[in-house]
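**Q** The structure under discussion is supplied below as structure tokens; questions concerning it will follow.
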Amino acid sequence: MLLLALGFLLVILQPSTGQFPRVCANVQSLLSKECCPPWDGDGSPCGELSSRGSCQNILLSQAPLGPQFPFSGVDDREDWPSVFYNRTCRCEGNFMGFSCGECKFGFSGLNCTERQVKTRRNIFQLTGSEKNKFLAYLNLAKNIPSQDYVIATGTYTQMNNGSKPMFRDINVYDLFVWMHYYASRDTLLGGSNVWRDIDFAHEAPGFLPWHRVFLLMWERQIQRITGDENFTIPYWDWRDAEDCEVCNDEYMGGRHPTNPNLLSPASIFSSWQVICTQSEEYNSQQALCNATSEGPIMRNPGNNDKSRTPRLPSSADVEFCLSLTQYESGPMDKMANYSFRNTLEGFADPQTAISNPAQSGLHNALHIYMNGSMSQVQGSANDPIFLLHHAFVDSIFERWLRRHRPMLEVYPAANAPIGHNRENYMVPFIPLYRNGEFFKPSRELGYDYEYLQEPALQSFQDFLTPYLQQARQIWPWLVGAAVFGGFVTAVLTGLIRACRKKKGGTSSEIQPLLTESEEYNNITYQSNF
């Protein structure tokens with residue numbers, strides 16, 4: 001019954017976050033290189049008549065890139081999204097979306113003026129009904145086509161430079177699997193040649209901001225297709241776990257009774273089909289993943305290569321990682337030493353922070369431990385445990401941000417691997433998001449983690465926030481008033497002293513009899529200034 005009800009909601013709710021907007025996946029948009037759809041509210045492009053946004057040229061970062069990708073003009077993802085579009089909607093204020101029809105993360109209301117902070121919770125703290133609802137939402141997303149987005153099934157060259165569009169429909173869940181694949185796929189160089197040392201979502205500074213956006217977008221999709229505006233992704237706190245605690249039929253699917261590489265038939269996820277897992281086949285054909293079903297989810301947790309990943313991460317691993325003060329260092333890739341990002345991602349030892357790609361720590365350790373669909377980068381999002389895992393990884397990122405309070409300038413502005421500089425747009429998201437825009441505390445993006453909350457302190461901060469904002473606006477006037485007041489006070493004080501000196505020789509009858517007061521010695525003098 002729950003699934004039927006959720007299916008009905010799809011008819012009246014339109015999802016709108018993903019990859020290629022359906023309204024821009026046509027010959028006219030591709031040849032004009034413009035994606036500025038009308039906002040439904042007033043019918044004008046980008047909601048311009050309602051001052052929501054306007055159609056603008058895309059401003060690309062000119063900062064130099066690192067040496068990891070020695071090519072130019074061979075990959076559609078370079079200078080994203082300029083190969084496909086060079087004009088998109090630039091939204092004003094708190095508006096967002098490919099047509100400026102949504103609110104920025106952390107805002108809601110008709111005019112996107114209402115602040116909101118939602119809480120992501122430990123999956124084991126959910127009630128039975130909350131957990132079942134989450135599982136039903138996942139299954140719903142897997143079985144409902146995305147209304148607003150399509151995926152590309154060919155490169156821009158294969159589309160004859162836009163005159164022969166190659167797009168297809170996809171369900172909501174697989175849309176995100178495909179986006180993860182597309183960001184991390186190899187570069188097709190023609191013939192049978194590919195370049196593997198490229199990834200727009202991993203092995204570089206953008207790893208954490210990219211996945212932060214990915215989860216926020218996925219969360220919003222579920223909120224929209226279900227009508228549950230309070231939905232948040234739960235997390236799995238895997239610190240010190242001895243095995244896969246969510247790998248049972250009550251949660252994310254247990255082990256198949258006769259085939260340890262498959263999920264239990266009692267789990268709803270046993271019927272799911274994976275996509276985008278055959279990278280070598282795509283490379284040999286010089287083709288993109290077209291979202292064709294490629295078999296069931298594979299998972300055999302714990303039966304992984306122990307020499308690479310001997311155990312799941314510990315609390316001590318996480319604490320050491322959090323102690324690192326540098327977000328990024330050196331080459332800013334998987335060889336970076338003493339880098340918080342590289343250590344959390346798992347390419348550096350969680351006890352020394354020295355790069356060691358032969359070992360898998362923290363984030364990477366979970367992927368390898370699952371020993372199946374989740375262990376291959378491009379197709380790892382096929383396993384829904386991906387969401388629980390990355391929500392917890394994001395919470396560690398959040399702890400680091402709160403502990404070290406870095407300025408935006410800490411995020412590298414230049415010389416990072418392709419796509420990872422601060423001002424680069426993240427591949428393959430439309431609407432456009434820059435890496436640096438998500439290098440900030442989660443509460444500014446509208447969410448928090450249950451285990452990170454400080455209720456009393458936060459309530460006080462929330463109480464003070466509007467007053468602090470007002471004070472910030474009138475601060476120049478307050479400074480001016482203080483300076484002027486100080487000047488006036490100094491002048492008056494000088495005049496009073498001058499008058500007293502002038503009258504110093506007059507009769508004692510007109511001077512205050514302070515010494516005659518019995519209470520004089522008990523007076524506490526306080527300034528009201």
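**Q** Quick one: would you say Glu203 is among the acidic types (Asp, Glu) and on the phi < 0 side of the Ramachandran plot? First the steps, then the outcome.
**A** Numbers: among the acidic types (Asp, Glu): yes; on the phi < 0 side of the Ramachandran plot: no.
When the stated conditions are applied, Glu203 does not pass them.
**Q** Another one. Return the residues of segment 138-165 that are farther than 16 Å from Leu188 by Cα, among the hydrophobic types (A, V, I, L, M, F, W, C) and assigned to a loop (DSSP other than H, G, I, E, B); say none if nothing qualifies.
**A** Ile144
**Q** If you check Leu135 against the conditions, is it among the hydrophobic types (A, V, I, L, M, F, W, C), touching a residue at least 24 places away in the same chain (Cβ under 8 Å) and surrounded by 17 or more Cβ atoms within 10 Å (Cβ to Cβ)?
**A** On the way: among the hydrophobic types (A, V, I, L, M, F, W, C): yes; touching a residue at least 24 places away in the same chain (Cβ under 8 Å): yes; surrounded by 17 or more Cβ atoms within 10 Å (Cβ to Cβ): yes.
Answer is yes for this residue.
**Q** Filter segment 398-416 down to the residues that are open to solvent by less than 10 Å² (accessible area, probe 1.4 Å) and assigned to a loop (DSSP other than H, G, I, E, B) and list them by number.
**A** Once the filter is applied, which keeps residues that are open to solvent by less than 10 Å² (accessible area, probe 1.4 Å) and assigned to a loop (DSSP other than H, G, I, E, B), segment 398-416 yields Tyr411, Ala416.
**Q** Assess whether Arg120 counts as being in contact with a strand residue (DSSP E or B) (Cβ under 6 Å, 6 or more places away or on another chain), open to solvent by 50 Å² or more (accessible area, probe 1.4 Å) and basic (Lys, Arg).
**A** Details: in contact with a strand residue (DSSP E or B) (Cβ under 6 Å, 6 or more places away or on another chain): yes; open to solvent by 50 Å² or more (accessible area, probe 1.4 Å): no; basic (Lys, Arg): yes.
Against the criterion (in contact with a strand residue (DSSP E or B) (Cβ under 6 Å, 6 or more places away or on another chain), open to solvent by 50 Å² or more (accessible area, probe 1.4 Å) and basic (Lys, Arg)), Arg120 does not qualify.
**Q** List every residue pair whose Cβ atoms sit under 6 Å apart, with the two residues 6 or more apart in sequence or on different chains, where the first one lies in segment 44-60 and is closer than 17 Å to Leu432 by Cα and the second, anywhere, is outside any strand (DSSP E or B) and open to solvent by 70 Å² or more (accessible area, probe 1.4 Å).
**A** Once the first residue is closer than 17 Å to Leu432 by Cα and sits in segment 44-60, its partners that are outside any strand (DSSP E or B) and open to solvent by 70 Å² or more (accessible area, probe 1.4 Å) give Gly53/Glu92; Ser54/Glu48; Leu60/Asp79.
**Q** Next up: Out of (1) surrounded by fewer than 16 Cβ atoms within 10 Å (Cβ to Cβ); (2) more than 21 Å from the chain's Cα centre (by Cα), the odd one out for Glu114 is which?
**A** Every listed condition holds for Glu114 apart from (2).
**Q** If you go through segment 379-391 one residue at a time, do you hit one that is under 24 Å from Ser307 (Cβ atoms), of a type in the set (Gly, Ala, Ser), part of a helix (DSSP H, G or I) and open to solvent by less than 10 Å² (accessible area, probe 1.4 Å)?
**A** yes
**Q** Out of the residues in segment 335-351 meeting the condition of being under 16 Å from His211 (Cβ atoms) and part of a loop (DSSP other than H, G, I, E, B), tell me which one is least open to solvent (accessible area, probe 1.4 Å).
**A** Of the residues in segment 335-351, the ones under 16 Å from His211 (Cβ atoms) are 340-347.
This time we only want the ones that are part of a loop (DSSP other than H, G, I, E, B), so: 346-347.
Details: Gly346: 1, Phe347: 26 Å².
Only one residue tops the list, namely Gly346.
**Q** Just to be sure, is Ser51 surrounded by fewer than 17 Cβ atoms within 10 Å (Cβ to Cβ), farther than 26 Å from Thr157 by Cβ and at pLDDT 95 or above? I'd like the intermediate steps shown before the answer.
**A** Numbers: surrounded by fewer than 17 Cβ atoms within 10 Å (Cβ to Cβ): yes; farther than 26 Å from Thr157 by Cβ: yes; at pLDDT 95 or above: yes.
Answer is yes for this residue.
**Q** Another question about this same structure. Across segment 220-247, what is the number of residues that are open to solvent by less than 10 Å² (accessible area, probe 1.4 Å) and either under 12 Å from the mean Cα position of the chain (by Cα) or within 20 Å of Asn304 (Cβ to Cβ) (or both)? Walk me through how you get there before you give the answer.
**A** Filtering segment 220-247 for residues open to solvent by less than 10 Å² (accessible area, probe 1.4 Å) gives 221-222, 225-226, 233-236, 238, 246.
Keeping just the survivors that are either under 12 Å from the mean Cα position of the chain (by Cα) or within 20 Å of Asn304 (Cβ to Cβ) (or both) gives 236, 238, 246.
Residues that pass the stated criteria total 3.
**Q** Failed condition for Tyr156, given (1) more than 29 Å from Phe231 (Cβ to Cβ); (2) within 26 Å of the chain's Cα centre (by Cα), with all others met?
**A** (2)
**Q** Check Val194 against each of (1) in a strand (DSSP E or B); (2) buried (at least 20 other Cβ atoms within 10 Å of the Cβ) and name the one condition it does not meet.
**A** It fails just one condition, (2).
**Q** Moving to a separate point now. Output the residue which, of all residues in segment 258-291 that are touching a residue at least 60 places away in the same chain (Cβ under 8 Å) and of a type in the set (Val, Ile, Thr), is surrounded by the fewest Cβ atoms within 10 Å (Cβ to Cβ).
**A** Ile268
**Q** Follow-up question, since we're still on this one. Could you check Arg255 against (1) without any contact (Cβ under 8 Å) to a residue 60 or more places away in the chain; (2) surrounded by fewer than 20 Cβ atoms within 10 Å (Cβ to Cβ); (3) of a type outside the set (Ser, Thr, Tyr) and say which number it fails?
**A** It is condition (2) that Arg255 fails.
**Q** Next question, about the same structure. What is the residue count in segment 297-323 for residues that are open to solvent by 20 Å² or more (accessible area, probe 1.4 Å) and in contact with a Ser or Thr (Cβ under 7 Å, 6 or more places away or on another chain)?
**A** Within segment 297-323, residues that are open to solvent by 20 Å² or more (accessible area, probe 1.4 Å) and in contact with a Ser or Thr (Cβ under 7 Å, 6 or more places away or on another chain) number 2.
**Q** Cβ-Cβ under 9 Å, sequence separation 6+ or interchain: first residue in segment 435-454 and of a type in the set (Asp, Glu), partner open to solvent by less than 10 Å² (accessible area, probe 1.4 Å) and outside any loop (DSSP other than H, G, I, E, B). Which pairs?
**A** Glu437/Pro209; Glu437/Val213; Asp448/Arg120; Asp448/Glu398; Asp448/Ser442; Glu450/Arg120; Glu450/Tyr235
**Q** Tell me the residue from Asn356, Asn371 that is of a type outside the set (Gly, Ala, Ser), closer than 20 Å to Arg196 by Cα and modelled with pLDDT of 95 or more, please. Walk me through it before giving the result.
**A** Working: Asn371 fails: closer than 20 Å to Arg196 by Cα.
When all the criteria are applied, what remains is Asn356.
**Q** Might you check whether a residue that is out of contact with any Pro (no Cβ under 8 Å at 6 or more places or on another chain), open to solvent by less than 70 Å² (accessible area, probe 1.4 Å) and not hydroxyl-bearing (Ser, Thr, Tyr) occurs anywhere in segment 22-33? Reasoning before the result, please.
**A** Initially, segment 22-33 is screened for residues out of contact with any Pro (no Cβ under 8 Å at 6 or more places or on another chain), giving 22, 28-29, 31-33.
If we keep only those that are open to solvent by less than 70 Å² (accessible area, probe 1.4 Å) as well, we get 29, 32-33.
Those still in the list that are not hydroxyl-bearing (Ser, Thr, Tyr) too: 33.
Yes, there is a match, as at least one residue in segment 22-33 is out of contact with any Pro (no Cβ under 8 Å at 6 or more places or on another chain), open to solvent by less than 70 Å² (accessible area, probe 1.4 Å) and not hydroxyl-bearing (Ser, Thr, Tyr).
**Q** Would you pick out the residues in segment 247-263 that are in contact with a helix residue (DSSP H, G or I) (Cβ under 6 Å, 6 or more places away or on another chain) and part of a loop (DSSP other than H, G, I, E, B)? If you could, list the steps in order and put the result at the bottom.
**A** Initial filter on segment 247-263 (in contact with a helix residue (DSSP H, G or I) (Cβ under 6 Å, 6 or more places away or on another chain)): 252-253, 263.
The answer is Met252, Gly253.
The values are calculated or read from the model by the stated rules, or taken from the named source; none is laboratory data. All values reported here derive from a predicted model rather than from experimental measurement. FYI the Cβ positions are ideal-geometry reconstructions off the backbone, even for glycines, and counts take in every protein chain you see. Side chains included, ligands, DNA and RNA excluded: accessible areas come from the protein's heavy atoms. Shrake-Rupley method; radii C 1.70, N 1.55, O 1.52, S 1.80 Å.
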